[in-house]
Amino acid sequence: MKVSVIITTYNRPDALIKVLEGLKHQTRLPDEVIIADDGSGPETKDEISRFTGKAPYPLYHVWQEDRVFRAAEIRNKAIEKSSGTYLISLDGDCIPEKHFIDDHVLLAEKGYFYQGKRVIVSKGLSPTLTHKEVNSFPALMRYFLSGKISNSHHIVRLPMLPAWSSSSLNGIRSCNMGFFREDIFSVNGFNQNFVGWGREDSELAVRLFRYGLRRKSHAFMAICYHLWHQENERDRLSVNDELLQKLIESDEYFCPNGLIR
C-alpha cells in the first residue's frame with residue numbers, strides 16, 4: 001500500500017521541520033510527503049528546500065496565497081498532488097511517534113476511515129521537544145510526572161489491544177486522520193466552503209459516514225504529539241457551524257466545492 005502524508009502548515013517552519021524529522025525516523029517510511037501550505041512566508045519555503053536534500057522520502061510543497069484560513073482548500077490541493085492509495089492527514093505541529101506510519105497501515109481497513117489520537121504538549125516544553133524525546137519512554141514519563149504533557153495515557157503503545165469503531169463526531173480532528181484515496185475522492189474531499197477555523201473536519205466525517213464508512217480509533221497506536229500554539233481566531237466559527245448543521249440535516253455525501261469544482 002502506497003502511503004502519502006499530507007502535512008498542513010502555516011508560518012511555523014520550526015515546528016514543521018520537527019514533524020518532517022519525525023517522519024524521517026519512522027519504522028516504516030511514508031512513500032511521499034506533501035506539505036499543504038496555507039500561505040506561509042519565505043522562511044517556510046527555505047526550510048523545506050534545505051530539508052528536501054536529506055529527506056529519505058519524496059517531499060513536495062504545495063502553496064497557496066495567504067488570504068484567510070483555508071485549510072480545506074489547501075488540503076484538497078495537496079490531495080490532488082498526492083499519488084498514494086492511503087492518505088494520512090497530519091498537522092505541521094504534530095510530531096509523529098516512530099510507529100505512526102506502520103500503525104496507520106496496520107489499522108487501515110476498507111469500509112473505515114481512521115481517527116488518530118494526540119498527546120498535548122505544554123507551552124513550556126514545545127520549543128525543545130523533538131522526535132528523540134517523543135520516542136523515549138523515560139523522557140515521556142518525566143514530562144507526564146511534571147505536568148508538561150496531557151492526554152498522557154496515549155504515550156504507551158499497546159498494539160495488542162483492539163481498535164473500536166463508531167459513527168461519532170466527538171474528537172474528530174484532521175490533525176491525525178487516515179483515508180483510502182478512493183473514499184476521499186468519492187465524497188469529493190474537503191468542503192472549500194469552509195473558510196476560517198473550525199468544523200471542516202467534522203463536516204468531512206459526516207459525509208464519510210453518509211457515504212457508508214465507519215470511524216475506527218485506537219487509544220494506543222498511531223499517536224502524534226501536538227505542540228502548543230496560540231488559539232486560532234474563531235470569527236467564522238458560527239458560519240461554519242451553520243454549514244455543518246445544514247449538512248447534518250441533508251442526505252448528501254458529495255460536496256460541490258471540493259476536489260472537483
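Within segment 89-107, identify whether any single residue is of a type in the set (Val, Ile, Thr), part of a loop (DSSP other than H, G, I, E, B) and in contact (Cβ under 8 Å) with a residue 12 or more places away in the chain, and answer yes or no.
Keep residues of segment 89-107 that are of a type in the set (Val, Ile, Thr), which gives 95, 101, 105.
With the extra rule that they be part of a loop (DSSP other than H, G, I, E, B), the set shrinks to none.
The answer is no; no qualifying residue exists.
At pLDDT 95 or above, among the charged types (D, E, K, R) and within 27 Å of Gly39 (Cα to Cα) - does that describe any residue in segment 171-193?
Yes - at least one qualifying residue is present in segment 171-193.
Failed condition for Met160, given (1) outside any helix (DSSP H, G or I); (2) closer than 23 Å to Gln26 by Cβ; (3) under 21 Å from the mean Cα position of the chain (by Cα), with all others met?
(3)
At pLDDT below 95 and farther than 25 Å from Thr9 by Cα, is that true of Ser202? Write out each step before concluding.
Numbers: at pLDDT below 95: yes; farther than 25 Å from Thr9 by Cα: no.
No.
Scan segment 94-106 and tell me whether some residue there is among the basic types (Lys, Arg) and within 24 Å of Glu182 (Cα to Cα). Lay out the reasoning, then the answer.
Our first condition is that a residue be among the basic types (Lys, Arg); within segment 94-106, this holds for 98.
Cutting the leftovers down to within 24 Å of Glu182 (Cα to Cα) gives us none.
Checked against the condition, which is being among the basic types (Lys, Arg) and within 24 Å of Glu182 (Cα to Cα), segment 94-106 yields no hits at all.
Here is a yes/no grid of residues against (1) surrounded by fewer than 16 Cβ atoms within 10 Å (Cβ to Cβ); (2) farther than 22 Å from Ile95 by Cα; (3) among the acidic types (Asp, Glu):
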residue: Asp183; (1), (2), (3): no, yes, yes
residue: Gly189; (1), (2), (3): no, yes, no
residue: Arg199; (1), (2), (3): no, yes, no
residue: Leu204; (1), (2), (3): no, yes, no
residue: Gln230; (1), (2), (3): yes, no, no
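So which residues in segment 189-227 are of a type in the set (Ser, Thr, Tyr) and over 19 Å from Glu249 (Cβ atoms)?
Selection gives Ser217, Tyr225.
Test Arg67 against the stated conditions and say whether it is loosely packed, with under 14 Cβ neighbours inside 10 Å, touching a residue at least 24 places away in the same chain (Cβ under 8 Å) and more than 22 Å from Glu182 (Cβ to Cβ). Before you say what the answer is, go through the steps one by one.
Numbers: loosely packed, with under 14 Cβ neighbours inside 10 Å: yes; touching a residue at least 24 places away in the same chain (Cβ under 8 Å): yes; more than 22 Å from Glu182 (Cβ to Cβ): yes.
So Arg67 fits the description; yes.
Arg142 passes all but one of (1) assigned to a strand (DSSP E or B); (2) farther than 26 Å from Glu47 by Cα; which number fails?
(1)
State all residues of segment 41-95 that are closer than 23 Å to Lys2 by Cβ, of a type in the set (Lys, Arg) and at pLDDT 95 or above; if no residue qualifies, say none.
Passing the criteria: Arg75, Lys77, Lys81.
Out of Ser150, Ser82, which single residue is of a type outside the set (Val, Ile, Thr) and closer than 18 Å to Gly189 by Cβ? Outline the logic, then answer.
Working: Ser150 fails: closer than 18 Å to Gly189 by Cβ.
After applying the criteria, what remains is Ser82.
So, of the residues in segment 213-259 that are touching a strand residue (DSSP E or B) at 6+ places or on another chain (Cβ under 6 Å) and not in a loop (DSSP other than H, G, I, E, B), which turns out to be nearest to Arg157 (Cα to Cα)?
Checking each candidate, the answer is Ile223.
Every residue in segment 217-236 that is within 20 Å of the chain's Cα centre (by Cα) and either among the aliphatic types (A, V, I, L, M) or farther than 30 Å from Leu125 by Cβ (or both), please.
Taking segment 217-236 and keeping what is within 20 Å of the chain's Cα centre (by Cα), we get 217-234.
Matches in segment 217-236: Ala219, Met221, Ala222, Ile223, Leu227.
Checking Ile155 against (1) touching a helix residue (DSSP H, G or I) at 6+ places or on another chain (Cβ under 6 Å); (2) surrounded by fewer than 17 Cβ atoms within 10 Å (Cβ to Cβ), only one condition comes out false. Which one?
So the condition that Ile155 fails would be (2).
Considering segment 156-181 alone, what residues qualify as being under 26 Å from Ala71 (Cβ atoms) and among the basic types (Lys, Arg)?
Of everything in segment 156-181, those that are under 26 Å from Ala71 (Cβ atoms) and among the basic types (Lys, Arg) turn out to be Arg173, Arg181.
The values are calculated or read from the model by the stated rules, or taken from the named source; none is laboratory data. Since we're looking at a predicted model, the values are computed, not measured. Positions of Cβ are generated from backbone atoms using ideal geometry, with glycine treated the same way; all protein chains shown enter the neighbour counts.
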